[in-house]
Amino acid sequence: MLQLRGQTLLFIIGQEFHIRLELDEFLSSLPRSIVTGEAVSLPDNVVRRIFKFAKLKKNDVFYHLGCGEGNAVKIAAKEFGVKKSVGIELDKATAAKARKQIAGIKTAEIVNIDITKANISDATVLLFWFNDPEMIDAMKDRFKILKQGARVITIWAPLGMTLPDKIDFPFFVSKKPFKRARSIRQQIKAIYNTDCIDFAAAWLLAERYIDALEVVPGEYRRFVNILQGMVIWINAWNMGVACEDEVPPPVQTYVGILKTFFSIDLTSIIKAQK
Ligand SMILES: C[S@@+](CC[C@H](N)C(=O)[O-])C[C@H]1O[C@@H](n2cnc3c(N)ncnc32)[C@H](O)[C@@H]1O
């Protein structure tokens with residue numbers, strides 16, 4: 001159940017999303033690592049898919065920022081044969097586990113340091129899966145030292161307000177020099193090929209995210225899909241990029257179900273007016 005909750009919460013913590021009131025209470029009952037999604041790691045198959053999508057090659061220098069137990073670092077080195085594969089991990093015990101994973105692989109290493117302080121200047125491909133806006137801001141600054149052509153892979157959203165070079169939602173590759181989107185609408189257009197997000201699009205995006213990450217157990221899929229779909233739509237509404245002029249009936253219904261049967265009250269975060 002915790003795993004499901006971890007996933008669920010991970011979905012909730014979108015970039016522009018602020019959790020308040022009742023939802024806060026719900027979240028505070030869970031361990032911190034679960035709430036932030038830190039305990040969620042990418043399955044090996046998803047890592048392989050991401051690497052193929054980013055065209056990870058032998059001459060690449062790969063960094064996984066926040067590498068967890070190091071499976072991506074190992075796969076990059078062993079299966080994709082990159083020149084150098086580095087995992088940066090803040091948590092000491094997790095970094096130790098990651099070191100065990102890559103033991104004997106000469107081209108791989110784990111550095112136990114904060115990613116905001118790590119030397120990543122030789123990186124050509126970086127996997128950066130963080131949705132915390134403060135962290136994204138801090139790293140955007142740090143990415144200034146990257147060489148032209150370096151590719152940053154993000155999950156769920158592109159890197160801040162950049163226009164990604166490659167998209168296979170929920171995976172994004174942004175290449176240096178990063179192209180800046182002039183507005184959220186332009187970014188949405190570039191990513192989803194649409195001017196606005198309606199209920200159906202929000203639902204579909206939630207579904208694609210769940211499918212792509214392969215971490216939500218089958219029996220919870222429906223619930224997570226509903227919750228995340230609502231969160232995506234509400235985000236779009238609050239940012240003024242929902243297609244609808246008023247909260248559509250399916251959103252009202254699902255938000256009602258979540259409130260009544262799961263004590264998750266999303267009503268307070270739907271902005272009153274568009
Ligand atoms: C890659 S993050 C994934 C975060 C989450 N899935 C999300 O959506 O934001 C998970 C890993 O990053 C590590 N981590 C968190 N903050 C870090 C930091 N400042 N520097 C290095 N590693 C960090 C955690 O210990 C954890 O192993």
Q: Please arrange Thr260, Thr94, Thr107 by counting, for each residue, the other beta carbons lying within 10 Å of its beta carbon, fewest first.
A: Thr260, Thr107, Thr94
Q) What is the projected area of the convex hull of the Cα atoms of the stretch 133-248, averaged over all directions, in nm²? A) 7.7
Q.
For a quick check: with amide H placed at 1.01 Å from N, whose amide H comes under 5 Å from His64's, ignoring anything fewer than 5 positions away on the same chain?
A. Val86, Gly87, Ile88, Leu127
(Q) Using the crude model of +1 on Lys and Arg Cβ and -1 on Asp and Glu Cβ, and no other charge, please compute the dipole size for the stretch 44-190 relative to its Cα centre, in debye to 20. (A) 680
Q: Using DSSP to define loop residues, name the GluC sites (Glu not before Pro) in the stretch 165-274 whose beta-carbon has at most 11 other beta-carbon atoms within 10 Å.
A: Glu246
Q: List Arg180, Arg142, Arg185 from most exposed to least, where exposure is judged by having the fewest other Cβ atoms within 10 Å.
A: Arg180, Arg185, Arg142
**Q.** Residues with amide H under 5 Å from that of Thr162, placed H, sequence gap 5 or more
**A.** Ala181
**Q.** Spatially proximal aspartates and glutamates relative to Lys78 (Cα-Cα < 16 Å; intrachain offsets below 8 disregarded)
**A.** Asp44, Asp60, Glu69, Glu109
**Q.** Cα gyration tensor shape for the stretch 118-158, rounded if a/c is under 1.5, else prolate or oblate
**A.** oblate
**Q.** Along principal axes, Cα extents of the stretch 44-190, largest first, whole Å
**A.** 47, 28, 25
**Q.** Sequence ranges 66-78, 109-121, ranked by mean other-Cβ count within 10 angstrom, highest first
**A.** 66-78, 109-121
Q | Residue-by-residue Karplus 3J(HN,Hα) for the stretch 102-116, coefficients 6.51, -1.76, 1.60, Hz, glycine and proline x | A | 9, 3, x, 8, 5, 8, 10, 8, 10, 10, 8, 8, 5, 4, 6
Q) Going toward the positive end of the dipole of the stretch 44-190, with +1 on Lys and Arg Cβ and -1 on Asp and Glu Cβ, which of Ala95, Ile188, Thr116 do you reach last? A) Ile188
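Bear in mind that the values in this text are calculations on the coordinates, not laboratory data. Because the structure is predicted, anything quoted here is derived from the model rather than measured. Here Cβ is always computed from backbone atoms with ideal geometry, including for glycine, and neighbour counts include all displayed protein chains.
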